[in-house]
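The structure appears right after this line, and notes come after that.
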Amino acid sequence: MDRVHDIARGALHFGVNRSFAIARSHYESIDLATMSQGFAPGYTDAELEDIEKEVAPLAQDLSTKIEDEIIPPKN
């Protein structure tokens, strides 16, 4: 169980790190310090749902492309 936890934790940290790297590579002036705080206050639940719907297909494309780097291969 510890190994599974370690793999999940590693995947989470890798994913967040990759997200920051992608954001920085596309937007030089992006405020990474603010991004590190999580969701910006002031968004309603409906606005966050709209944002999630908008980014879902793009996130799916990206996650498919980097899947081999995050998920350990089957033995």
Scan (i) 50, 22, 19; (ii) 44, 28, 24; (iii) 41, 29, 16 for the value of Cα extents along the principal axes in Å calculated from this model and give just the label.
-> (ii)
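At 1.4 Å probe radius, can you tell me the per residue accessible area of the chain in Å²?
Values: 6730 Å² over 75 residues.
Dividing the accessible area of the chain by its residue count gives 90 Å².
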Hey, quick one: spin label on Arg9, modelled 7 Å out along Cα-Cβ, who in region 57-75 has an amide N within reach, i.e. under 20 Å?
-> 70-73
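Could you list the GluC sites (Glu not before Pro) in region 1-49 that lie in coil according to DSSP, counting only those with at most 12 other Cβ atoms within 10 Å of their Cβ?
Working: sites: Glu28, Glu47, Glu49; in loops: Glu28.
Here the GluC sites (Glu not before Pro) that fit, given the DSSP loop and packing criteria, are Glu28.
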Between helix 2-26 and the chain: long-axis angle, C-alpha atoms, 0 to 90°, nearest 10 = 40 degrees
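Give me the percent of accessible area attributable to carbon and sulfur for region 27-75, probe 1.4 angstrom. Present the calculation step by step, with values, prior to reporting the outcome.
Details: 2540 of 4580 Å².
It is 55 percent, rounded to a whole number.
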Positive end of the charge dipole of the chain (Lys, Arg +1 and Asp, Glu -1 on Cβ, about the Cα centre): tell me which of Met1, Asn17, Tyr43 has its Cα farthest that way.
-> Met1
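The values are calculated or read from the model by the stated rules, or taken from the named source; none is laboratory data. Predicted model, so just to flag it, every value in this text is computed and none were measured. Neighbour counts are summed over all protein chains in view; Cβ atoms, including those assigned to glycine, are modelled from backbone coordinates with ideal geometry. For accessibility, only protein heavy atoms count, side chains too; no ligands or nucleic acids. Shrake-Rupley method; radii C 1.70, N 1.55, O 1.52, S 1.80 Å.
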